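Step one of this worksheet: look at the structure below.
The values are calculated or read from the model by the stated rules, or taken from the named source; none is laboratory data. Note that this is a predicted model, so its numbers are computed, not measured. In this analysis, Cβ positions are derived from the backbone assuming ideal geometry, glycine residues included, and neighbour counts consider all displayed protein chains.
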């Protein structure tokens, strides 16, 4: 049996929930593949993995995977994940969110989960648009681009998700495109294994909404754009800000050891019991 | 005999004690008057019992966190007041449809909006019932003393575990902030109910399969029963569906499990009701004034009794219908514009005269206020 078939049988609810809801050519499927390959490489038991999502195209991911899966309310995935993780720290909790989900309605929860540095992995599918509702502009839609609620053009500045996560205090932050799926596998694996709040910003495409409204071509054209514009962080360090304009800096942006909430809370328990 | 555990406690403090006795080991909250003492108490006590306290960034997050903790197998609660309760409503609906046990204490202050943060009110009665969107049953309990803040909190956890529902524990600011001497019962003497865990092998587990109680067994994340939890309407396996027959049976089961349990869920106190000609129906702190008013009225030869619903929702229709049939008149004093009295009127088939007494000035309803109303009858 080929490796990918074995993984499908091992990790997907392949006999229950397929076909999936995503459009043909969507990058979410590439991320789904990366996610299960990364989890497989970590060697964790399926029983110990909890996948939590919010609402939107990204929110539908958990239903397809054979873990403990939780599809929550819009923007709130990290709050549910906080409860799961603190109630049972032995679980490995991974949240899947979209750009609108994590940055707009869930922006507050995102910065505070990072600030607490709770041991949860946050994977954000950034496709620069609200896809499921029909292509409205999101907090990551670049200035000047079109959307169904910005038919003239968007006049808002796009959020830099990874940079926000670094500032907010996450232990680990990385960014990768779905075009570089192999690199995405290893980035997600590192994020899952990292203790503390880890963020993986996944640059993906929505050719159905964002691509169509902005005449960016097919899914393949948009993947090629990712290939041509991704710059590894090591290379970016030697480039001028002008040369970096419009580029996607990929790789590990930060990997640091900061106090982890659960470990700090164990100290509080000891204090409360008069042990220290 | 073990030494009795007498304490001078505030209502909010008794809620903390009751929750811990009931097995609560996770609290997430956000500061808000007049409920803050519950969070403060939990921050001290939770770590000492190997539980967890977390102060979230808002009440939306608090509600999400307690649902997550409950799914991980830990009894959980949050506490808030009107404005924060409004923020929690979306996720309360999530707990309703996913059938996640949890307890929400709502200490009522005056509203709408920021309103009267430090004054009592009973104006969240309908928010507790209908605050979240969609068709859903809800259990709302109202203690009227510090002692009951303990025992009713235990009951709230028991009902939430038994029926897999969020339970709202609601008290007005007076009950939450007053101090009384209470005797805390030994934990061993309490009836503590835990959610039913599946006993079938994981492969056979059907997460939302109907049974005689209408309440499916619930595993914790990590137990080996890997299942899907979604706020979408789901089939018995937990997967999203929009098939009319599957949608219908889920929504009806959510209602049926509460309807079938009414006798178990509903609890009220009758005070001097045996020969009463006039009944005062009151809850939370107003019930205390009502009892005093009944005692004073009887000194004047007026046969007045009090019925106090502890279970505010589901509405105690049977008990109240019975009262209406046996008295001349009913007074419903409330610190709102008539939220409970409207429900009493709904079940009245011309049995008795219903008199409302409403205070919305942020002040308590006194026994004198009720005595004055009695003059309209006698």
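To keep it simple, each residue is scored yes or no on (1) buried (at least 16 other Cβ atoms within 10 Å of the Cβ); (2) closer than 28 Å to residue A:67 by Cβ; (3) assigned by TED's automatic domain parsing to the domain that holds residue B:155.
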site	(1), (2), (3)
B:235	yes, yes, no
B:238	yes, yes, no
B:241	yes, yes, no
B:247	no, yes, no
B:251	no, yes, no
B:254	yes, yes, no
B:262	no, no, no
B:265	yes, no, no
B:275	no, no, no
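Screening B:90, B:40, B:59 for residues that are without any contact (Cβ under 8 Å) to a residue 12 or more places away in the chain and under 25 Å from residue B:113 (Cα atoms) leaves exactly one candidate, B:40. Taking the numbered list (1) crowded, with 24+ Cβ neighbours inside 10 Å; (2) within 25 Å of residue A:260 (Cα to Cα) in turn, residue A:190 passes all entries but (1).
Of all the listed residues (B:308, B:288), the sole one being assigned to a strand (DSSP E or B), in contact (Cβ under 8 Å) with a residue 60 or more places away in the chain and under 21 Å from residue B:169 (Cβ atoms) is B:308.
Any idea which of (1) in contact with a helix residue (DSSP H, G or I) (Cβ under 7 Å, 6 or more places away or on another chain); (2) crowded, with 23+ Cβ neighbours inside 10 Å is the one residue B:74 doesn't satisfy? Checking residue B:74 against (1) in contact with a helix residue (DSSP H, G or I) (Cβ under 7 Å, 6 or more places away or on another chain); (2) crowded, with 23+ Cβ neighbours inside 10 Å, the one that fails is (2).
The condition (being part of a helix (DSSP H, G or I) and either touching a helix residue (DSSP H, G or I) at 6+ places or on another chain (Cβ under 8 Å) or in contact (Cβ under 8 Å) with a residue 40 or more places away in the chain (or both)) is satisfied by just one residue among A:60, A:6: A:60. Which count do you get for residues in the stretch A:53-85 that are more than 7 Å from chain B (Cβ to nearest Cβ) and under 14 Å from residue B:72 (Cβ atoms)? Adding up the residues that qualify gives 1.
For the stretch B:168-178, the criterion of being touching a strand residue (DSSP E or B) at 6+ places or on another chain (Cβ under 7 Å), outside any loop (DSSP other than H, G, I, E, B) and outside the structural domain of residue B:64 (by TED's automatic domain parsing) is met by none of the residues.
Among the residues of the stretch B:319-373, those identified as touching a helix residue (DSSP H, G or I) at 6+ places or on another chain (Cβ under 6 Å), within 15 Å of residue B:294 (Cα to Cα) and assigned to a helix (DSSP H, G or I) are B:367, B:370, B:371. Got at least one residue in the stretch B:234-243 being away from chain A (no Cβ under 14 Å) and modelled with pLDDT of 95 or more? Yes, the conditions are met somewhere in the stretch B:234-243. Residue selection: residue A:75 fails the criterion of being without any contact (Cβ under 8 Å) to a residue 40 or more places away in the chain, surrounded by fewer than 23 Cβ atoms within 10 Å (Cβ to Cβ) and at positive phi. Consider the stretch B:186-230 and keep the residues that are outside any loop (DSSP other than H, G, I, E, B) and closer than 29 Å to residue B:14 by Cα. The one that is nearest to the other protein chains (Cβ to nearest Cβ) is B:187. The selection criterion, being out of contact with any helix residue (DSSP H, G or I) (no Cβ under 6 Å at 6 or more places or on another chain), within 14 Å of chain A (Cβ to nearest Cβ) and farther than 30 Å from residue B:248 by Cβ, holds for residue B:43.
Among the candidates B:338, B:350, B:301, the residue that is surrounded by fewer than 21 Cβ atoms within 10 Å (Cβ to Cβ) and modelled with pLDDT under 95 is uniquely B:350. Of the residues making up the stretch B:2-45, those that are assigned to a loop (DSSP other than H, G, I, E, B) and either on the phi < 0 side of the Ramachandran plot or in contact with a strand residue (DSSP E or B) (Cβ under 8 Å, 6 or more places away or on another chain) (or both) are B:2, B:3, B:4, B:24, B:25, B:30, B:31, B:32, B:33, B:34, B:35. Residues that are exposed (fewer than 15 other Cβ atoms within 10 Å of the Cβ) and closer than 25 Å to residue A:209 by Cβ within the stretch A:22-51 comprise just one, A:24. Mind checking whether some residue in the stretch B:92-99 is away from chain A (no Cβ under 13 Å), buried (at least 21 other Cβ atoms within 10 Å of the Cβ) and within 26 Å of residue B:215 (Cβ to Cβ)? Yes: one or more hits. Looking at the stretch A:92-109, can you tell me whether even one residue there is facing another protein chain (nearest Cβ under 9 Å) and over 16 Å from residue A:72 (Cβ atoms)? No, the stretch A:92-109 contains no residue that is facing another protein chain (nearest Cβ under 9 Å) and over 16 Å from residue A:72 (Cβ atoms). Scanning the stretch B:358-378 for residues that are without any contact (Cβ under 8 Å) to a residue 40 or more places away in the chain and within 23 Å of the chain's Cα centre (by Cα), we see that the one that is surrounded by the fewest Cβ atoms within 10 Å (Cβ to Cβ) is B:358. Scanning the stretch A:132-184 for residues that are surrounded by 19 or more Cβ atoms within 10 Å (Cβ to Cβ) and part of a helix (DSSP H, G or I) yields A:161, A:162, A:164, A:165, A:184. Residues in the stretch B:77-91 that are part of a helix (DSSP H, G or I), away from chain A (no Cβ under 13 Å) and surrounded by 20 or more Cβ atoms within 10 Å (Cβ to Cβ): B:82, B:84, B:85. Taking the condition of being within 7 Å of chain A (Cβ to nearest Cβ) and part of a helix (DSSP H, G or I), how many residues in the stretch B:49-76 meet it? Here the count works out to 9. Taking the stretch B:147-163 as the range and being farther than 14 Å from residue B:311 by Cα and surrounded by 24 or more Cβ atoms within 10 Å (Cβ to Cβ) as the test, the residues that pass are B:150, B:161, B:163.
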